[in-house]
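See structure below.
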């Protein structure tokens with residue numbers, strides 16, 4: 001937390017769809033993805049087919065066809081979980097969230113659970129946690145927890161220039177949340193706020209994130225968390 005945060009939004013740095021991409025380019029990408037999916041052999045590897053489904057879902061988001069995107073990404077998500085392809089599952093959860101369907105928040109919560117539980121790319125985890133900030137009120141403790149966990153994951157799973165870049169972005173996330181949560185704009189007050197709320201206590205922070213995720217998902221879990229925990233390697 002040594003960098004002085006700026007007001008720059010991190011949205012441009014972590015969004016899935018390139019805002020400069022034209023509709024014609026998105027339609028072309030969709031046509032190519034659909035052709036690839038259609039021509040896959042019936043005995044194709046399930047994970048390869050799921051990735052092809054996700055390749056179709058992503059441009060559908062760009063074209064505003066959320067219901068169709070959901071259908072493709074939801075099927076892909078289940079396959080990825082079944083075959084323990086956690087990075088792909090997290091990316092599918094992001095598409096499900098962006099599809100803006102009735103269960104999109106539940107999908108986001110499940111994606112966050114997977115992204116924090118398994119060593120997927122830090123960038124993907126930060127992206128999902130940033131969505132929590134966007135979805136919560138200004139005074140929400142959930143947004144605070146999401147920002148701090150994002151910062152922790154960025155520092156834990158990256159190094160070198162990638163670490164510098166991503167932790168700078170997560171520092172901005174924390175600053176943004178602190179400003180809207182308590183009107184904090186200077187580093188000293190920010191540090192005091194973090195200490196006061198024990199936001200540097202990682203075990204407690206992760207426990208609090210678990211509560212946030214439980215609220216987001218409710219009774220709509222698509223996988224058995226206890227079963228997945230039981231498979232985790234013991235260190």
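The values are calculated or read from the model by the stated rules, or taken from the named source; none is laboratory data. All of these numbers come straight from a predicted model, not from anything done at the bench. All Cβ positions, even for glycine, are placed from backbone atoms using ideal geometry, and neighbour counts span all protein chains on display.
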Residues satisfying the stated conditions in segment 51-91, i.e. in contact (Cβ under 8 Å) with a residue 40 or more places away in the chain and outside any loop (DSSP other than H, G, I, E, B):
54, 57, 58, 61, 62, 77, 78, 81, 88
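Please find, among 115, 143, 122, the residue that is farther than 29 Å from residue 68 by Cβ, touching a helix residue (DSSP H, G or I) at 6+ places or on another chain (Cβ under 6 Å), buried (at least 23 other Cβ atoms within 10 Å of the Cβ) and in contact (Cβ under 8 Å) with a residue 12 or more places away in the chain.
143
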Among the listed residues 183, 155, identify the single one that is within 17 Å of residue 115 (Cα to Cα) and either more than 21 Å from the chain's Cα centre (by Cα) or surrounded by fewer than 18 Cβ atoms within 10 Å (Cβ to Cβ) (or both).
155
Going by the structure shown, is residue 135 over 17 Å from residue 194 (Cβ atoms) and within 15 Å of the chain's Cα centre (by Cα)?
yes
With the checklist (1) modelled with pLDDT of 95 or more; (2) under 18 Å from residue 113 (Cα atoms); (3) over 15 Å from the mean Cα position of the chain (by Cα) in hand, flag the one item residue 150 doesn't pass.
(3)
Residue 234 - would you say it is under 26 Å from residue 76 (Cα atoms) and either free of Cβ contacts under 8 Å to residues at least 60 places away in the same chain or in a helix (DSSP H, G or I) (or both)?
no
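Out of 199, 205, 209, I need the residue that is outside any helix (DSSP H, G or I) and closer than 13 Å to residue 141 by Cβ. Which one?
Being outside any helix (DSSP H, G or I) and closer than 13 Å to residue 141 by Cβ holds for just one of 199, 205, 209, which is 199.
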